[in-house]
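Report on the structure given below.
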Amino acid sequence: MNDFVLVSVKLLIGFLALIAIINLSGKGNLSPTSASDQIQNYVLGGIIGGVIYNRNIRILEYLMILFIWLALVLCFKWIKTHNVRAKQILDGKALIIINDGKINIENCKKAGLSAHDVAFRLRTNNIYSVTKVKRAIVEQNGQFIIITYGEENPKFPLITDGQLQGDILGIIGKTEEWLLEEMKKRGFNQYSEIFLGEYVNGTLVFVSY
């Protein structure tokens, strides 16, 4: 098999593998919302790009590498779906960096933000003083959400994929005992029965599996 044909075959396999991995692991890879999603794309691109022009790597070895990577991606996806703590470690979580006009320096450090970074983000949103900010949040993908006084606070889900988001309970000033009692009133005994649970305008809204 000459070099041109070999490169063409590897390129075709890489193209099909990319489509397969995106379809199997979820469409989120098309628009990454977390560090792990972004890394998956980078590594896959590196695997395909590094193998295509390497004549020492045969087709079978190429397929095995892609299969191992797909297995790792699906494994991490399963772990993140079924374990909130693992998801927070792998993807991070939303951090409140400004609350009622006061900067949370510890959360700024966790997000890797300097005072200059915070001021720059505010200026790009036409805000020139932290005292005008009711709440500013850094999402897990690094996106800034800024709420000024008079605007509605963003709503974060209490339960996602059958897992409790404990830190959100603290934000809304409720306890886990209260949530479990409200769940029982709606016929739910475990978090695993709920696909999505929201607290909207003082009311719990549950979407079951």
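Brief remarks on what is shown
- Placing R0 at 25 angstrom, the Cβ-Cβ distance between Lys110 and Ile147 gives a FRET efficiency of 0.80 after rounding to 0.05.
- Restraint check, Lys134/Lys184; Lys87/Lys132; Lys87/Lys185; Lys110/Lys132; Lys80/Lys132, Cα-Cα greater than 27 Å: Lys134/Lys184; Lys87/Lys132; Lys87/Lys185; Lys80/Lys132
- For the range 3-89, the fraction of 1.4 Å probe accessible surface lying on carbon and sulfur atoms is 73 percent.
- Short-range pairs are left out: with C-alpha atoms under 8 Å and at least six residues apart, the relative contact order of the chain is 14 percent.
- More than 13 Å apart - percent of Cα-Cα pairs taken over the range 93-148: 51 percent
- Per residue solvent-accessible surface (Å²) - the range 3-89, probe of 1.4 Å: 64 Å²
- What the phi angles of the range 58-63 give under the Karplus curve with 6.51, -1.76 and 1.60, with θ = phi - 60°, is a coupling list of 7, 4, 4, 5, 4, 5 Hz, glycine and proline written as x.
- Residue with peak Gaussian network fluctuation, the chain [Cα springs, cutoff 10 Å], from Gly142, Gly162, Gly50: Gly50
- Computed over the chain with a Gaussian network model linking Cα atoms closer than 10 Å, the most mobile of Lys93, Lys134, Lys174 is Lys174.
- Choice from Ala136, Ala71, Ala94 showing the highest fluctuation, given a GNM over the chain with Cα pairs closer than 10 Å: Ala71
- For the range 49-114 and the range 160-188, distance of Cα centres in Å: 27 Å
- Neighbourhood charge, 14 Å Cβ-Cβ cut-off, centred on Arg121 and excluding it, Lys, Arg +1 and Asp, Glu -1: +1
- Considering all C-alpha pairs of the chain, those separated by over 23 Å amount to 60%.
The values are calculated or read from the model by the stated rules, or taken from the named source; none is laboratory data. Everything quoted here is computed from the prediction, not taken from an experiment. Glycine also receives a Cβ, built like all others from the backbone with ideal geometry; neighbour counts cover every protein chain displayed. Remember, those area values only see protein heavy atoms, side chains included, never the ligands or the DNA or RNA. Shrake-Rupley method; radii C 1.70, N 1.55, O 1.52, S 1.80 Å.
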